[in-house]
Each structure stands twice: as C-alpha cells, then as structure tokens.
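S.K.: Pasting a structure below so you can have a look.
The values are calculated or read from the model by the stated rules, or taken from the named source; none is laboratory data. Keep in mind it's a predicted model, so treat the numbers as computed, not measured. For neighbour counting, all protein chains shown are included, and Cβ atoms are generated from backbone atoms with ideal geometry for every residue, glycine included.
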Amino acid sequence: MALMQAPRLSDGRVTLGAYRLTDARAHLAGEDGEHSFRFRMPPSTLASVRRAIGAWQSDWRTGGTTRAFAIRSAGGRRLIGGCELRIATAGDTAAAPDGEAQISYWVFPSHRRQGYGSRAVSLLAGWAFDELPIASIIAYVEADNLGSRGVLTACGFLEEGSRRWPDGVELLCYRRVRPAPADQ
C-alpha cells in the first residue's frame, strides 16, 4: 500500500475526513448498545476509542490496510459516525481475497435514519474505486438489521448469500463491484 493521507470527501450534506484524537469523547458519547451489539464488541472506553483512532491514523501514515473516516455534518465539524475499509492483501485468507475490501460503517443514534449512512458509504465506495486497486467491496450484515441493508442496497451493493462466522452467527453478504470504465 502506498503512503496516503485521509482525503476530505463531501457531497454537501456529509463530509468524510480523518479521525482526530480530539474526536475520542464525541465518538464514545455517540456509541450505544446497538453499536456494541452489531460489532460484537464490549462497550468502548475513552482509552479504547483513543487506541482505535491512533491505529486508524497510523494505517493512513504507514500505508496499512485500514482506511477509516470520520463522518461529519456538512460543515465538517460535528462527528456523527464513522466508516472504514479493510483492504485484503496477498495471503490474508482470514478476511478476503486480494483485490477485495470489506466496508463497515456506523451512525450515532441521534443521526440514524436521515440518510447519512448511505451518503457516507456512497462517498467511501466511490473514492475507493477511484483510488485503490480493489475489484470489489463487501459488507456483512445481520438479516434483522434492515437499516444497514437499506444503506447497502441504496449504494449499489447486491446481496449474494450468507456466511456463518466462527461464533455461529450467520451474516448476509453484500457486494459492490468496481464499475466498468465509461469508455467500454
């Protein structure tokens, strides 16, 4: 992976950009039980959020495999969620084949069901296909997570079956492939 800086992406309503350590308190305040449940993780602490932000920043600086973005309101100030791509590399059989990236996204409760997730996923996928050597983006979501399934469908992802995880949970798999060049 080439060294990169997190770009600023915007559609006029939401802005994606770099997470800052000063976002830690707002991020922690935005998490709820739904967040912990869907990501199968214990509730965050201020220290664990700071570690996550530090790791995301490090991946940008060093060309690591994760590209995390803070989702902010249109002016770029108010943190309303986040999204990330985890890019598979050669030999990374646990995640996905080379040329594939897995997307995750989260919107804080007071901002859900307002189109922010769809806007963020659309911006992130468009950027990824323009800037990264990936052929497709996948997402895994529980069947009962209708909001997330709606986000993926609105952003051009197609459901293509399911996958049972080691903990026994079955998740639906959605995929969006790189668009064909316009001149074809």
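S.K.: Is there any pair linking a residue in the stretch 42-65 that is crowded, with 17+ Cβ neighbours inside 10 Å to one that is of a type in the set (S, T, N, Q), with Cβ under 6 Å and at least six apart or on different chains, and which?
M.R.: Asp59/Thr66
S.K.: Now for a different question. Applying the selection to the stretch 1-26, what residues are closer than 20 Å to Leu85 by Cα and either of a type in the set (Val, Ile, Thr) or modelled with pLDDT under 80 (or both)?
M.R.: Filtering the stretch 1-26 down to residues closer than 20 Å to Leu85 by Cα leaves 1-11, 14-21, 23-24.
Result: Met1, Ala2, Leu3, Met4, Val14, Thr15.
S.K.: Tell me the residue from Ser162, Ser136 that is of a type in the set (S, T, N, Q), under 15 Å from Gln102 (Cα atoms) and in contact (Cβ under 8 Å) with a residue 40 or more places away in the chain, please. Please lay out each step first, then the result.
M.R.: Details: Ser162 fails: in contact (Cβ under 8 Å) with a residue 40 or more places away in the chain.
Going through Ser162, Ser136 in turn, the sole match is Ser136.
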